[in-house]
Amino acid sequence: LSAESHGRKTTMGRFLDSTQHLLTKNWAKNAAEDIASLHNMGYTIYLATDHGNLMSHAWRGLTSQEKTFLYRDGSRGQRHLIYNDAEHMNNFISANRDEEKSWMTSKDWLVWKTDKCFKSADCITHGGSHFLEVVIPFIKI
């Protein structure tokens, strides 16, 4: 992962790059040796991962009033909102017309089409609707 914001590396990006390198260095050698050993014994090996992550960019945090109309605590992700009813969602959209085209909506929920999040600071999101969050690599060796 490399987190960049407007052409400059963020603190989180530098931390992620450093941490990812150290974690990879620690397990990659042993994993590669184990995979090679299994392959040499005639096994077919499949590698897969959990769904991905996305470095999401801050739009703004929700106000306490905006949070009031959400379905429940679990309905407020960093990149999606689920409402008690469509009227509350439509009121939120009306109050934020500048972002309306950036959201995909359905009956009573909305989700970012872009890489933004409902936070006041950039964050890493996991398992949302962005392409990078839903793709699951699957490799046959």
Checking residue 121 against (1) in contact with a strand residue (DSSP E or B) (Cβ under 8 Å, 6 or more places away or on another chain); (2) surrounded by 14 or more Cβ atoms within 10 Å (Cβ to Cβ); (3) within 19 Å of residue 61 (Cα to Cα), only one condition comes out false. Which one? (2)
Here are some conditions: (1) at pLDDT below 90; (2) over 14 Å from the mean Cα position of the chain (by Cα); (3) of a type in the set (Ser, Thr, Tyr). Residue 125 meets all but one. Which one does it not meet? (2)
Starting from segment 90-103, take each residue that is charged (D, E, K, R) and list its partners that are not in a loop (DSSP other than H, G, I, E, B), counting only C-beta distances under 7 angstrom and pairs at least six apart or across chains. 100/93
What are the residue pairs meeting all of these: first residue in segment 28-54, first residue within 15 Å of residue 141 (Cα to Cα), second residue open to solvent by 70 Å² or more (accessible area, probe 1.4 Å) and of a type in the set (Phe, Trp, Tyr), Cβ atoms under 8 Å, and 6 or more apart or on different chains? 46/138; 47/138; 48/138
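The values are calculated or read from the model by the stated rules, or taken from the named source; none is laboratory data. All values reported here derive from a predicted model rather than from experimental measurement. Ideal geometry is used to build each Cβ from the backbone, glycine not excepted, and the neighbour counts take in all protein chains shown. Ligands, DNA and RNA are stripped out before the accessible areas are found, and what is left, the full protein with its side chains, is counted by its heavy atoms. Shrake-Rupley method; radii C 1.70, N 1.55, O 1.52, S 1.80 Å.
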